[in-house]
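Trainee: Take this structure, written in structure tokens, and hold onto it; I'll ask about it next.
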Amino acid sequence: MYDNKVLISLYVLSLGKNYELFLPVNEKVGNILSLLDKAMFDSIDYDRKYTIINLETSDVYNYNDIIRNTNIKNCSKLMMV
């Protein structure tokens, strides 16, 4: 449907909640994690480091990975830890 976004299911471990959201495919994982941190926790804590894990493949994504170059696709199930 959208060529510039993917719809994913994101489980946030520290909140124990699941979210459905669109990720822009041209962004780095690190940028997305920073935006999610600010939106969910309403703060920027530079000591706090998150990562995203694909629950289907167990892949752990690097901060510099661009979404388009990963195996994150529509309906992917991811976890933010």
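The values are calculated or read from the model by the stated rules, or taken from the named source; none is laboratory data. Keep in mind it's a predicted model, so treat the numbers as computed, not measured. Using ideal geometry, Cβ is built from the backbone for each residue, glycine included, and neighbour counts are taken over all protein chains shown.
Trainee: In segment 48-81, what residues are among the aliphatic types (A, V, I, L, M), without any contact (Cβ under 8 Å) to a residue 12 or more places away in the chain and farther than 14 Å from G30 by Cβ?
Mentor: Across segment 48-81, there are no qualifying residues.
Trainee: Here is a further query. Identify all residues within segment 18-38 that are of a type in the set (D, E, K, R) and at pLDDT 95 or above; write none if there are none.
Mentor: Hits for segment 18-38 are E20, E27, K28.
Trainee: For segment 50-78, how many residues meet the condition of being in a strand (DSSP E or B) and of a type outside the set (D, E, K, R)?
Mentor: Summing the residues that are in a strand (DSSP E or B) and of a type outside the set (D, E, K, R) in segment 50-78 gives 6.
Trainee: Anything in segment 2-17 that is surrounded by 15 or more Cβ atoms within 10 Å (Cβ to Cβ) and over 17 Å from V81 (Cβ atoms)? List them, or say none.
Mentor: K5, V6
Trainee: Only residues that are within 12 Å of the chain's Cα centre (by Cα) and not charged (D, E, K, R): list them for segment 56-70, please.
Mentor: V60, Y61, N62, Y63, I66, I67, T70
Trainee: Further question: List pairs: first in segment 18-38 and closer than 12 Å to M80 by Cβ, second of a type in the set (G, A, S) and modelled with pLDDT of 95 or more, Cβ under 7 Å, 6+ apart or cross-chain?
Mentor: Listed pairs, sorted by first residue: N18/S9.
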